[in-house]
Protein chains: 4
Amino acid sequence: MLQFAKIQKRFESVRSNKAFELFVVGVILFSAIVVGVKTYDLPEGMLTLLSGLDAFITLVFLLELSIRFMGEENKRHFFKSAWNIFDTIIVVASLIPVDESEMAFVGRLLRIFRVLRMVSIIPELRILLNSLLKALPQLGYVMLLMFIIFYIYAAVGSTLFAHINPDLWGDIAISLLTLFRVMTFEDWTDVMYETMDVYGLSWTYYLSFIFLTAFAFLNMVIGIVVSVIEKENAIEDAAAHPEPSMSELQKEIQSLKVLIVEMNHTQNQSKQSNKGNE
Amino acid sequence: MLQFAKIQKRFESVRSNKAFELFVVGVILFSAIVVGVKTYDLPEGMLTLLSGLDAFITLVFLLELSIRFMGEENKRHFFKSAWNIFDTIIVVASLIPVDESEMAFVGRLLRIFRVLRMVSIIPELRILLNSLLKALPQLGYVMLLMFIIFYIYAAVGSTLFAHINPDLWGDIAISLLTLFRVMTFEDWTDVMYETMDVYGLSWTYYLSFIFLTAFAFLNMVIGIVVSVIEKENAIEDAAAHPEPSMSELQKEIQSLKVLIVEMNHTQNQSKQSNKGNE
Amino acid sequence: MLQFAKIQKRFESVRSNKAFELFVVGVILFSAIVVGVKTYDLPEGMLTLLSGLDAFITLVFLLELSIRFMGEENKRHFFKSAWNIFDTIIVVASLIPVDESEMAFVGRLLRIFRVLRMVSIIPELRILLNSLLKALPQLGYVMLLMFIIFYIYAAVGSTLFAHINPDLWGDIAISLLTLFRVMTFEDWTDVMYETMDVYGLSWTYYLSFIFLTAFAFLNMVIGIVVSVIEKENAIEDAAAHPEPSMSELQKEIQSLKVLIVEMNHTQNQSKQSNKGNE
Amino acid sequence: MLQFAKIQKRFESVRSNKAFELFVVGVILFSAIVVGVKTYDLPEGMLTLLSGLDAFITLVFLLELSIRFMGEENKRHFFKSAWNIFDTIIVVASLIPVDESEMAFVGRLLRIFRVLRMVSIIPELRILLNSLLKALPQLGYVMLLMFIIFYIYAAVGSTLFAHINPDLWGDIAISLLTLFRVMTFEDWTDVMYETMDVYGLSWTYYLSFIFLTAFAFLNMVIGIVVSVIEKENAIEDAAAHPEPSMSELQKEIQSLKVLIVEMNHTQNQSKQSNKGNE
């Protein structure tokens, strides 16, 4: 058992070794290049080479994951990190042999997602992604409001325009896609001119939609800016903490006053006793 | 009369019941789905089912509105809230039987607007919308300035380019729409190249317009950012209110000074009386 | 002479009369509508009516300008305001009779610019425009840098691509326009794909250009945001002026100390004299 | 040797002469115009004139560089500035005679880059560019994250859609370009509708991509805003430095207290000694 702990310690030291980390980043970069190269038309020999390299990368990833797992003192903690679970799924799924055309396709996608391991291995990217994810719930209600606007406009759009162009306004799902297109300003006038031939006032539909979504979008951006500034201020305040607060100063001045008043009192007494003395 | 108050209290408790609220949100969501499903081509049986569901939703909304109205202690207060008026209009209008094709269309639109009740029922969305509406007047003058720019360019555009392409520059209304299209950069070069064939320098018209509107738009965005930051600061200041102000501190220090000066004075007097004593 | 001053005072009171101001705003609005109506195809009778209205508007503007000029105590001050000069030019130019087709066109443009008087008459718009103009010089150097980038890319573009499509890259002026189009993302891929058929690597030209201009543009936006925040802070500081500064507080505390030290000193002396007494 | 130092001083004074600087800016502006004029179709005589002007500009630049080099007290310092190196390369490269068609083209490009000397000669532009470059590393990790997103989507895109349209999705490089096009919203629906004919759900691919990149882009903008505000605050704090800090005030108040306590103590003693006296 003690021997096992020794091995674990050794794995832990390997894991936190800088060279080991760089080597893994290198292999992930290499796997990204392999993924890229595969998208080109390649001669037969190259393909065999690439599948060999693929097997090698899978092996390295498996080893790396094992080392990291072995190096973890408490095995249960390992699966508490979402990144470790993600890594494990990617690596284990790569091990499943894929021969049929259907599965081969899934296998290729899995190998592409190995590039995402770059995020799980580089701490700065992990922090950045976490901060991005943290910003999401803030946007929750704005997104919901925006979706309600989209949904109502899509319902109105498919009710009014379905007979004009079913490809764009056939049902509510297609209408939602068309409205998203309008929001990105992508050939939105073509969509509008088509319906304006039938309903001359339909420009009000498009313009009001653009104003509402642009306004909501603007609000979203501003919302993030403000929340970020707020955080900034909070950090600043924390940094300014060692400074005494105004109220602390006030208390000290007040205690001074008490002292002086007391002193004044005793002095008066002493003066009076002096007077009594005379 | 007392019995009536009792019933009102009971309705009030139903109204503020969490389960009741969730049930209403559920029905609104369900009505949204019904609205969505209706945009697809449906078999006859499905349509009968949907109109039945519609009647059911209308009934639930009517009941919910009644409960909320009954639960209101002061009946006049109920119609002071714009949201309550909106809800009432939506629900009452749904009750009107619509058979003719013309009215059927209006009825469908009304049923779509029932999705908006989501905003009136979820407090967070109501707050968000209110804050959006509050931001509107701030933008008032920028919007007016932007409209003046649009109007002048549209007048110039329809004066100069009407004979080139009446579909885009025929009159001032069409020109305004064309300029809005140019502002969204939607195929604006097509519009420009067409007029440049006749007036070689007409690119100045488009470029100056883009610069002016982009600049005004930028200013609008910045304006909102600043007003939001201002509000932030105001809230911060309010939170910092318990802290004494600098001038309060100053007053306390000054009162201290007065005390000491007085003390000094009495001491000097006592010293002199002592001297006189000798 | 005294009589003249009396008249001037009366004009001054007319000028600052709220009803008078509203009347002028109304006439400007009306002139804007006349400008708009003129862009439509109108029957002969309507045209005569409109030219009559035009003459009436010109008359009102002339009267209003005269009143404002008369109401000015110091006549020289009147032409110190750029807005007054603008108003005078617009009004005087409207007086010149235009009959020939060439001049008629200029006359129509002049009547359109009368709408701009809305800005000169509404103080809030005037303030807004002034603040926009004040922001311009701040952007000066960023604009210059952006123009240098544009110029260099346009020179390279017309050197490389002139033989591919002279309509887009014929000379440096056309190239600048094409690059502005690329910056607005308007069908920029069509422009790129065309040159990529000849020079396979020309996508580097477009992508680097987009990155540079987007980056410069971003910097411009941020620049304005910062300058606006700076101004905000300056105003806040000014508002906070009545509050005593930290250093003022410090001085008061120090003067307190001097007082106490002195007091201590006299007390010690009095004690010693007391002791000497014994 | 002393004579040499004298000459150097004279060059130094020439170099910092305002008129000399303006003259150089004028020549650069002139060279920019020559570059622009060359992009037009010109008669033979004009071309000879232009090549003469070119030689003249090269000569002026050579002289100016020599004066600046001579004016530098420590010759090694001259090449420590990246701008001086840039200037030297541009000027020296202009001296190489270019006759063959291949080299003539490179020569033309070099002459275009002479416009960039505007940045190296105007200090404000140099400062602006430096500040832009300083902002780049801040964006480093966001750019890396964005590239990873692009790369994964490009790999998936070329795996799924290569057989639909090889011109857009042929290999990973073309797919990256297509995705950049989608990010700029340039005819992105055309790209989407094409793949949706084969894979009905491929809109998820495009929408998720747009959301991810828009979100990352937004984050980048906000990131710069925040870092700029931070800098602002740092500058403000530095400006506020002369003001005493809260803790300094606190110390002074505390020293006051000590004084008063001491005083109180001596007074009590004196009183007691007085009492003892009696």
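The values are calculated or read from the model by the stated rules, or taken from the named source; none is laboratory data. Everything numeric in this text was worked out from a predicted model, so none of it was measured. Please note: Cβ atoms are built from the backbone with ideal geometry, for glycine as well, and neighbour counts cover all protein chains shown. In case anyone asks, the SASA skips ligands and DNA or RNA and just uses the protein heavy atoms, side chains included. Shrake-Rupley method; radii C 1.70, N 1.55, O 1.52, S 1.80 Å.
With its label point put 7 Å out from Cα toward Cβ, D:Leu59 sits 7.1, 7.1, 10.1 nm from the same residue's point in the other copies, in order from shortest. Rolling a 1.4 Å probe over the protein chains gives A:Glu21 an accessible area of about 60 Å².
Using Cα-only point scatterers and the Debye equation, what is log10 of I(q)/I(0) for the stretch D:1-62 at each q in 0.17, 0.22, 0.30 Å⁻¹, rounded to two decimals? Treating every Cα as an identical point scatterer, log10 I(q)/I(0) equals -0.69, -0.89, -1.18.
Each residue of the stretch D:142-190 gets 66 Å³ once the volume of the Cα convex hull is shared out per residue. Applying the Kirkwood pairwise sum to the alpha-carbon positions of the stretch A:1-157 produces a hydrodynamic radius of 18.6 angstrom. Excluding ligands, DNA and RNA and using a 1.4 Å probe, chains A and B jointly bury around 5000 Å² of accessible surface, summed across both partners.
Which of the residues in the stretch B:113-130 show a loss of at least 40 Å² in accessible area from their chain by itself to the complete set of protein chains, at a probe of 1.4 Å? So the qualifying set is B:Val115, B:Glu124, B:Leu125, B:Leu128. Solvent-free Debye calculation, one equal scatterer per alpha-carbon of the stretch C:77-189: log10 I(q)/I(0) at 0.19 Å⁻¹ equals -0.92.
In the full protein context, the stretch D:99-204 carries 45 Å² of accessible surface per residue, based on a 1.4 Å probe and ignoring ligands, DNA and RNA. Counting Cβ atoms of other protein chains within 10 Å of each Cβ in D:149-160 and taking the mean gives 5. Inter-copy label distances for D:Phe86: 3.9, 3.9, 5.5 nm (label point placed 7 Å from Cα along Cα→Cβ; shortest first). In the stretch D:164-197, burial by the other protein chains removes 40 Å² or more of accessible area from D:Asp171, D:Ile172, D:Leu177, D:Phe180, D:Arg181, D:Thr184, D:Phe185, D:Glu186, D:Asp187, D:Trp188, D:Thr189, D:Tyr193, compared with the chain on its own (1.4 Å probe, ligands and nucleic acids ignored). Residues of the stretch A:6-54 that lose at least 40 Å² of accessible area (1.4 Å probe, protein heavy atoms only) when the other protein chains are present, relative to their chain alone, are A:Thr39, A:Tyr40. Cross-link pairs exceeding 32 Å between alpha carbons, from the set D:Lys6/D:Lys134; D:Lys6/D:Lys80; D:Lys38/D:Lys80; B:Lys231/C:Lys257: D:Lys6/D:Lys134; D:Lys38/D:Lys80; B:Lys231/C:Lys257.
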